[in-house]
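Everything below concerns the one structure shown next.
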Amino acid sequence: MTEGTGSAMRDKGETLPKVRPTGRDLWLLGMFAVLPVLGFQFGIGNQVEQLPLVARILDPEFAAGDFYLDHAMGFGPRIYYAWFLAGLSAILSAPGAVFFLAILSNFATGVVSYLACRRLLGASAFAGMFAAALAVLNSSFALGLAGYVRFDSFQPASLAIPLALFGVLTLFEGKHFQAAAFFAAGSLFHPLIGTEIGLMAFGSAGLAGWARGGFRPGALFGQGRLILGGIAFLTAVFLLWALPGIGDASERLPDAEFFDILISFRAPHHYLLLGQPRAYVVSAAVFVAVLGSVMFLFWRERRELWSWLPLLILFIATLAACGLSLLMVDVLESRTFATAQLLRLLILVKWTGFLFFGWLAAKWVAEEGIIGWAFALTMLLATAETQPIVLGLLLTAAALLNHPRARAVAVASPVIAAGAVAASLALIFIAGSALETTRMLVAAAGLLTAYGIAVRERIGLAEPLGIAAAFIAFALVNKHTGWTDFRAFNPVLTWADHEDPEDDIARWARDNTPEGSIFITPPDMEAFRMLSQRGIVVDYTSIPFSDQGLQEWRSRMRTLYGATGQAGGFRALRIMRRNYHAIDPVRLRRAMSRYGADFAVLYADTEWDGAVLYANEEFKVVAP
């Protein structure tokens, strides 16, 4: 189970040999990296905020007069990522750049997870590969809708997360300046993720060093290289983010108004723990409880190993940060803590769990044989909200299997195992993510091919990628044949793959209206700006981060889409859709005059007393 263990950290005289991925490992990691091509999403989700910035950088006349772009092109948290993606898009095109970076970030996430599992936990190659598969292919619990290790819709966090995780690994291995560089690079693409994970990791490493020194004052203050590495990291963050903003004299919104706009109205699902769906809270709580149990099992078996101590401290500190967010954001409504988005740090809880779950899967396989394989593969297939629940079931079953009474009865073990696996598979089928489980089925085939007892001596390097290639080839063929509507086999790779009625309306606008035209659209017609290449008055998804921009954004949303009462987030969006559906011609003409809009996109059955320029089954274009 612990073959090829690895860590560069000395633990009370013990040094774990440093390991690197073998050729077989790299091919498997490559397979994991390309599997998200099944169900790939281009131009969807967070990208509708980022890609217009890239288009405006490449063409300053793109979507002229667009409210969001005119306010978001200054220095802000999106700017370095936009410049980077614009440079790459000039070479590869936007779809090509996003696809390339998505595969690269997937591979990096898999590699860092594999290495961390092996070097920090002293686990086997199979354990590391299992952890990598979870990190790349399993979203797990959804609490906060931002604490994912990997996002299906590629975004700035997709680059920041593997860089920050490499920073965690290298820091815990004692490479302080290399870690500082990783964290600074992560902050370049996402200032919160790179900076906050860096701060948490340096603090955790310092506390771990102090603990190894017996909590003596000299052990705390004698970590010179760690302190210098931390100073280098903070200096880089200051130069990247604080220095360019010095001298900004723009007016600041009152904290209460800022909180009402961004947190309460726009994105309570990202910022507020209270009000999260109960299923999300239960799933996250079970995840933490199960992870705590697995950590206890690990400690009982490897209590002589200290290389995982900073990881444990980081896990505890992350939970404390989320508790602090509950107090400071949900209860006290602090703007400072709200903008810190501490719930994003759940990334670290999940990633830590994935590492330990990899160790647990290897333990099961080594100790329980066929039953262990059944448990491990079932755990692999449990995705999204079902993962923590299934793992809890399997962990309970494993404990029962080791009970003396169960071992004394010949049929007890297979009955317990079969019951746990059957219940888990039923839950996966009912409530799991079909897309993620499909990807995991391919990953499971790869792991069986590489590590299964019957075939591991005959493995060739091409087999794992061949399995994935067959699925991806079917998906690409299915895009043209339409054999199935299942999302896994209908990836969205380019703008041409956007074929919904709203995309049809956007293309008509691009081809039939003058450049520089301004549109009013439904609140969440996300791809319209990019496909039409026309400016829009406002939309729900794309928000400027300046205080004055936020204030004007909220005013425009109220004017066009009406009041939403105390509702926020997706509930408010549903209300705004209904309001816009019922907008009367007089009010719409007044809004078009106020904001200089030349055209409006209405729902097909919305009342309109003038000419309709174009219509399809869901929408129509009108002029005042």
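Exactly one residue out of A185, A132, A142, A160 is under 24 Å from A340 (Cβ atoms), buried (at least 24 other Cβ atoms within 10 Å of the Cβ), among the small types (G, A, S) and in contact with a helix residue (DSSP H, G or I) (Cβ under 9 Å, 6 or more places away or on another chain): that is A160.
Among all positions in region 319-326, there is at least one residue which is in contact (Cβ under 8 Å) with a residue 60 or more places away in the chain, open to solvent by less than 40 Å² (accessible area, probe 1.4 Å) and closer than 24 Å to P268 by Cα. Of all the criteria given as (1) among the charged types (D, E, K, R); (2) within 30 Å of Y540 (Cα to Cα); (3) part of a helix (DSSP H, G or I), the one not satisfied by D248 is (3). Checking E385, E367 one by one, the residue that is of a type outside the set (V, I, T), out of contact with any Phe, Trp or Tyr (no Cβ under 9 Å at 6 or more places or on another chain), open to solvent by 30 Å² or more (accessible area, probe 1.4 Å) and at pLDDT below 95 is E367 and no other.
Applying the condition of being hydroxyl-bearing (S, T, Y) and assigned to a helix (DSSP H, G or I) to region 318-335 and asking which residue is nearest to the chain's Cα centre (by Cα) yields T318.
Remark: L239 falls outside the filter, which requires a residue to be without any contact (Cβ under 8 Å) to a residue 12 or more places away in the chain and crowded, with 18+ Cβ neighbours inside 10 Å.
Checking each residue of region 247-263 against the condition of being at negative phi, over 29 Å from the mean Cα position of the chain (by Cα), open to solvent by less than 40 Å² (accessible area, probe 1.4 Å) and modelled with pLDDT of 90 or more gives at least one match. The set of residues from region 23-46 being under 26 Å from S89 (Cβ atoms) and in contact with an Asp or Glu (Cβ under 9 Å, 6 or more places away or on another chain) comprises P36, G39, F40, Q41, F42, G43, I44, G45.
Considering (1) part of a loop (DSSP other than H, G, I, E, B); (2) touching a Gly at 6+ places or on another chain (Cβ under 7 Å); (3) open to solvent by 10 Å² or more (accessible area, probe 1.4 Å), the lone condition that E61 does not fulfil carries the number (2). Checking G23, G45 one by one, the residue that is at positive phi, of a type outside the set (F, W, Y) and open to solvent by 10 Å² or more (accessible area, probe 1.4 Å) is G45 and no other. Considered as a group, the residues in region 71-84 that are surrounded by fewer than 18 Cβ atoms within 10 Å (Cβ to Cβ) and at pLDDT 95 or above include one that is farthest from the chain's Cα centre (by Cα), and that residue is W83. When region 510-537 is filtered for residues that are of a type in the set (D, E, K, R) and not in a loop (DSSP other than H, G, I, E, B), the ones remaining, listed by number, are R510, D511, R529.
The values are calculated or read from the model by the stated rules, or taken from the named source; none is laboratory data. Source: prediction; values computed, not measured. Note that we place each Cβ from the backbone using ideal geometry, even for glycine, and neighbour counts take in every protein chain shown. To get the accessible areas, we keep the full protein, side chains included, count just its heavy atoms, and leave off ligands, DNA and RNA. Shrake-Rupley method; radii C 1.70, N 1.55, O 1.52, S 1.80 Å.
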